[in-house]
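The values are calculated or read from the model by the stated rules, or taken from the named source; none is laboratory data. Remember, it's a predicted structure, so these values are computed and weren't measured experimentally. FYI the Cβ positions are ideal-geometry reconstructions off the backbone, even for glycines, and counts take in every protein chain you see.
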Amino acid sequence: MKKHKCKILWIVCAILSTQFVNAQRVALKSNVIDWAVLSPNLALEMRLNSRLTLDISAATNPFSFSVADIKATHVRLQPELRYWFNRPMARHFVGLSFLGGLYDMNIRKHLYQGDIWGAGLSYGYAFVLSRHWNLEATLGVGMARLRAFDYCEGEEKPATPNLRKWSPVPIRLGLSFSYIFK
């Protein structure tokens, strides 16, 4: 798990270091829906040209408590390339979204430990609240590859992941407040 986190951090740093030089506009965002499910999150959106932006969001749920016999922790990285129909960070956009993450789930003594990698399309709308503040709604669907160790409590953890499948997923679901640096 540590190996995956280092790779993800390295990729984010590489992308950010090349984009800050050319970005004329940058926004810092946070998704209210993630906060509602106790997943602290932060996103950075950078303008690439007059119609494209790159949004990179990260979220984690490090808390280990049970709700309805379900206990889950995760870390997630979601880059998205967005095409804006009007101008960047205002009104309608479509996006090509990617998803990468690690998770541990415990559902009634059944354990899943694994990773998820996926891609999909999203649509969103950014409501301009003021010169520096926006409210953004996003919804996207896609396909993801799940790979996990699937076993019950008391059993020995398998030597290799024994659950591998493709699944449709909500690749993006958000209601975010953003602060735009101009």
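Data overview
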{"quantity": "Out of G118, G95, sole residue that is more than 19 Å from T53 (Cα to Cα) and not charged (D, E, K, R)", "calculated": "G118"}
{"quantity": "Near pairs, Cβ below 7 angstrom, 6+ apart or cross-chain, from the range 106-128 (free of Cβ contacts under 8 Å to residues at least 24 places away in the same chain) to any residue that is assigned to a strand (DSSP E or B) and surrounded by 14 or more Cβ atoms within 10 Å (Cβ to Cβ)", "calculated": "F127/N134; F127/L135"}
{"quantity": "Residues within the range 77-89 that are within 11 Å of R47 (Cβ to Cβ) and of a type in the set (A, V, I, L, M, F, W, C), tallied", "calculated": "2"}
{"quantity": "Count of residues meeting criterion [without any contact (Cβ under 8 Å) to a residue 60 or more places away in the chain and either surrounded by 13 or more Cβ atoms within 10 Å (Cβ to Cβ) or in a strand (DSSP E or B) (or both)] in the range 62-86", "calculated": "11"}
{"quantity": "Test: residue in the range 32-45 that is modelled with pLDDT of 90 or more, among the hydroxyl-bearing types (S, T, Y) and in contact with a Ser or Thr (Cβ under 7 Å, 6 or more places away or on another chain)", "calculated": "yes"}
{"quantity": "Residues of the range 32-61 satisfying the condition of being in a loop (DSSP other than H, G, I, E, B), touching a Lys or Arg at 6+ places or on another chain (Cβ under 9 Å) and closer than 21 Å to I116 by Cβ", "calculated": "S39"}
{"quantity": "Residue match in the range 114-134 (condition: closer than 23 Å to A68 by Cβ, out of contact with any helix residue (DSSP H, G or I) (no Cβ under 6 Å at 6 or more places or on another chain) and either β-branched (V, I, T) or surrounded by 15 or more Cβ atoms within 10 Å (Cβ to Cβ) (or both))", "calculated": "yes"}
{"quantity": "Within the range 52-66, tally of residues that are farther than 18 Å from E153 by Cα and modelled with pLDDT under 95", "calculated": "3"}
{"quantity": "Complete set of residues in the range 149-167 that are basic (K, R) and surrounded by 10 or more Cβ atoms within 10 Å (Cβ to Cβ)", "calculated": "K157, R164"}
{"quantity": "Any chance T73 is out of contact with any Gly (no Cβ under 8 Å at 6 or more places or on another chain) and within 23 Å of L163 (Cα to Cα)", "calculated": "yes"}
{"quantity": "Flag if Q78 is closer than 23 Å to T60 by Cα and over 18 Å from the mean Cα position of the chain (by Cα)", "calculated": "no"}
{"quantity": "In the range 31-52, residue farthest from S176 (Cα to Cα) [restricted to those that are touching a residue at least 40 places away in the same chain (Cβ under 8 Å) and crowded, with 18+ Cβ neighbours inside 10 Å]", "calculated": "R47"}
{"quantity": "Members of the range 93-110 that are assigned to a strand (DSSP E or B) and more than 20 Å from the chain's Cα centre (by Cα)", "calculated": "N106, I107, H110"}
{"quantity": "Options K165, K182: the member that is modelled with pLDDT of 95 or more, closer than 28 Å to I33 by Cα and over 18 Å from the mean Cα position of the chain (by Cα)", "calculated": "K165"}
